[in-house]
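Worksheet for the structure shown next.
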Amino acid sequence: MAKFEVKLPKMGESVAEATITSWLKQVGDNIELDESIVSIATDKVDTEIPSEVEGTLIEVLFDEDDIVKVGETIAIIETLDEEINTTDKKIIIEELENKEIVKVEEEVNKTIESLSIEKISPSGKFFSPLVRNIAEKEGISMNELESIIGTGMDNRVTKNDILAYLQSDNSNNNNIEKQKTVIEQPVKKITTATKAPKLELKATPVSVNGTDEIIEMSRMGKLVANHMVQSVQTSAHVQSFIEVDVTNIAKWREKIKDKYYAREGEKITYTPIFMQAVAKVIKDFPMINISIDGDKIIKRKAINLGMAASLSDGNLIVPVIKNADQLNLVGMTKAVNDLANRARNGQLKPDEIQDGTYTVTNVGSFGSVFGTPIINQPQVAILALGTVRKVPAVIETPEGDFIGIRQKMFMSHSYDHRVVNGALGGLFIKAIKDYLESWDINMEF
């Protein structure tokens, strides 16, 4: 017998820790290769950790709701591999004993910390060491820290929550309150003379009667809501709209879809065709593929396309196709179908929803003609695809104009007017339109 340590895997450069949400296997259970052992939650996505070996689960080192660092051992599996030598056994036993000592020390430290008002709030609310360190560095008191709305598990304040708070006016207003005792009169005089009173945004009170149902927002729902509000407050949203004739694409897809499925084992939809067009045009308009960092522009080399997907619970997730410009149509189809299926089944890995540089959302899948999507920060633009419809249209020919039935759709382009002006935003979707309308109906795949 041998013992295998299950460690919390690396889940992307920006993910340093995760919360244990539930153990899917208990001590004594048999574990199959690639069978999920535990569910975890990060600030970005919920996921499961599969086993790298077969064996029996003999120990779990963390409880549900515990926060674990990347690389830490979370469980021990006993495998049927050959017996390891005595020296290795001794090392493993010593490591396990050390872990028990560390766990005891951690419990003692937690008890000591609970006596300190600086680390545990008066109400008993838990704040991670990272959040407490940021608060201490920025001079945020415990009372002020308690006032921050958390989007983590059980409304826990995350790193993103406190950083967003520091960038908001709430932090500035509180700093002014701290200094009032010293400079109250001068500040009042200057404010009265030079500035109009600042309006505070307050939530409208909501009345509830006995027939109303109160539904708690899910963890992901709160994350999405916070992200959308932050985006609207950050970027100056502007939209451009354009109508695209996709008749040739519709005819081509209808002609080859059965042959395509027989050869590739994949159903081809409009989505991979549109995603390939976007990736190609971004190469011609690289200033769409940027982010803003203060007063600096970061020009992204990689073209990583986010693909907004709706989940069964009504929430939204955006898996990312990395280096999308390097994929041909077959590769794009496989990537789109794979990510869409795993998104619906909750099987995405945290790294698969990170590092997007431009996002596409298909509002047409719900019958919408067009929409005005909110930019997915820290990107500067997002494209919405409307539904494909048969419409009467004027067709120009050498013999004259006539009315015919064409298949058309609208594209809506939202972009950040701080760095993308109307010319760039409009020319970008015009180039996508030109690419799609020039589709060769006789093209082989």
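So which residues in segment 402-422 are over 26 Å from residue 286 (Cβ atoms) and exposed (fewer than 13 other Cβ atoms within 10 Å of the Cβ), if there are any at all?
Residues of segment 402-422 over 26 Å from residue 286 (Cβ atoms): 402-408.
402, 403, 404, 405 - these are the residues of segment 402-422 that are over 26 Å from residue 286 (Cβ atoms) and exposed (fewer than 13 other Cβ atoms within 10 Å of the Cβ).
Give, as residue ranges, the strands (runs of 3 or more DSSP E) completely inside segment 23-76 that count at least 2 residues that are more than 18 Å from residue 2 (Cβ to Cβ).
36-41, 46-50, 67-69
Of 366, 410, 428, 402, which residue is farther than 20 Å from residue 275 by Cβ and out of contact with any Pro (no Cβ under 7 Å at 6 or more places or on another chain)?
402
Just checking, how many residues over segment 247-287 are over 27 Å from the mean Cα position of the chain (by Cα) and touching a residue at least 12 places away in the same chain (Cβ under 8 Å)? Break it down stepwise before answering.
Keep residues of segment 247-287 that are over 27 Å from the mean Cα position of the chain (by Cα), which gives 247-265.
If we keep only those that are touching a residue at least 12 places away in the same chain (Cβ under 8 Å) as well, we get 247-253, 255-256, 260, 264.
Number satisfying all stated conditions: 11.
Consider segment 379-401. How many of its residues are surrounded by 10 or more Cβ atoms within 10 Å (Cβ to Cβ) and touching an Asp or Glu at 6+ places or on another chain (Cβ under 8 Å)?
Within segment 379-401, residues that are surrounded by 10 or more Cβ atoms within 10 Å (Cβ to Cβ) and touching an Asp or Glu at 6+ places or on another chain (Cβ under 8 Å) number 4.
Tally up the residues in segment 272-300 that are under 27 Å from residue 409 (Cβ atoms) and either of a type in the set (Phe, Trp, Tyr) or modelled with pLDDT under 95 (or both), please.
So the count comes out to 2.
Among the listed residues 372, 359, 333, identify the single one that is hydroxyl-bearing (Ser, Thr, Tyr), out of contact with any Gly (no Cβ under 7 Å at 6 or more places or on another chain) and within 29 Å of residue 294 (Cβ to Cβ).
372
Quick one: which helices (runs of 4 or more DSSP H) lie wholly within segment 198-287 and hold at least 2 residues that are in contact with a helix residue (DSSP H, G or I) (Cβ under 7 Å, 6 or more places away or on another chain) and among the aliphatic types (A, V, I, L, M)?
Ranges flagged: 270-284.
Mind checking whether some residue in segment 423-435 is of a type in the set (Phe, Trp, Tyr), surrounded by fewer than 21 Cβ atoms within 10 Å (Cβ to Cβ) and modelled with pLDDT under 90? Walk me through how you get there before you give the answer.
Within segment 423-435, the first condition is being of a type in the set (Phe, Trp, Tyr), and the residues that meet it are 428, 435.
Then keep just the ones that are surrounded by fewer than 21 Cβ atoms within 10 Å (Cβ to Cβ); that gives 435.
Add one more test, that the residue is modelled with pLDDT under 90, and what stays is none.
Looking through segment 423-435, none of the residues is of a type in the set (Phe, Trp, Tyr), surrounded by fewer than 21 Cβ atoms within 10 Å (Cβ to Cβ) and modelled with pLDDT under 90.
Before we move on, is residue 336 modelled with pLDDT of 95 or more, in the same structural domain as residue 248 (by TED's automatic domain parsing) and surrounded by 15 or more Cβ atoms within 10 Å (Cβ to Cβ)? So that I can check it myself, show each step before the final result.
Values: modelled with pLDDT of 95 or more: yes; in the same structural domain as residue 248 (by TED's automatic domain parsing): yes; surrounded by 15 or more Cβ atoms within 10 Å (Cβ to Cβ): yes.
It is true that residue 336 is modelled with pLDDT of 95 or more, in the same structural domain as residue 248 (by TED's automatic domain parsing) and surrounded by 15 or more Cβ atoms within 10 Å (Cβ to Cβ).
Among the residues of segment 40-58 satisfying the criterion of being at pLDDT below 85 and either surrounded by fewer than 19 Cβ atoms within 10 Å (Cβ to Cβ) or charged (D, E, K, R) (or both), which is nearest to residue 352 (Cα to Cα)?
44
So, residue 325, is that one in contact with a Lys or Arg (Cβ under 7 Å, 6 or more places away or on another chain), free of Cβ contacts under 8 Å to residues at least 60 places away in the same chain and outside the structural domain of residue 42 (by TED's automatic domain parsing) or not? Full working, then the answer.
Working: in contact with a Lys or Arg (Cβ under 7 Å, 6 or more places away or on another chain): yes; free of Cβ contacts under 8 Å to residues at least 60 places away in the same chain: yes; outside the structural domain of residue 42 (by TED's automatic domain parsing): yes.
In short, yes.
For residue 385, are the conditions met, namely being hydrophobic (A, V, I, L, M, F, W, C) and under 13 Å from the mean Cα position of the chain (by Cα)?
no
Scan segment 297-310 and give yes if some residue there is in the same structural domain as residue 333 (by TED's automatic domain parsing) and at positive phi, otherwise no.
Taking segment 297-310 first, the residues in the same structural domain as residue 333 (by TED's automatic domain parsing) are 297-310.
Checking the rest, the ones that are also at positive phi come to none.
Scanning segment 297-310 turns up no residue that is in the same structural domain as residue 333 (by TED's automatic domain parsing) and at positive phi.
For segment 324-347, check the following and say yes or no: at least one residue is hydroxyl-bearing (Ser, Thr, Tyr) and outside any helix (DSSP H, G or I).
From segment 324-347, those hydroxyl-bearing (Ser, Thr, Tyr) are 333; that's our starting set.
Applying the additional criterion that residues be outside any helix (DSSP H, G or I) yields none.
Checked segment 324-347: no residue is hydroxyl-bearing (Ser, Thr, Tyr) and outside any helix (DSSP H, G or I).
Residue under question is residue 306, and the condition is that it be closer than 18 Å to residue 413 by Cα, assigned to a helix (DSSP H, G or I) and touching a strand residue (DSSP E or B) at 6+ places or on another chain (Cβ under 9 Å); does it hold? If you could, list the steps in order and put the result at the bottom.
Details: closer than 18 Å to residue 413 by Cα: yes; assigned to a helix (DSSP H, G or I): no; touching a strand residue (DSSP E or B) at 6+ places or on another chain (Cβ under 9 Å): yes.
Answer is no for this residue.
The values are calculated or read from the model by the stated rules, or taken from the named source; none is laboratory data. In this text, all values refer to a predicted model and were calculated from it rather than measured experimentally. Positions of Cβ are generated from backbone atoms using ideal geometry, with glycine treated the same way; all protein chains shown enter the neighbour counts.
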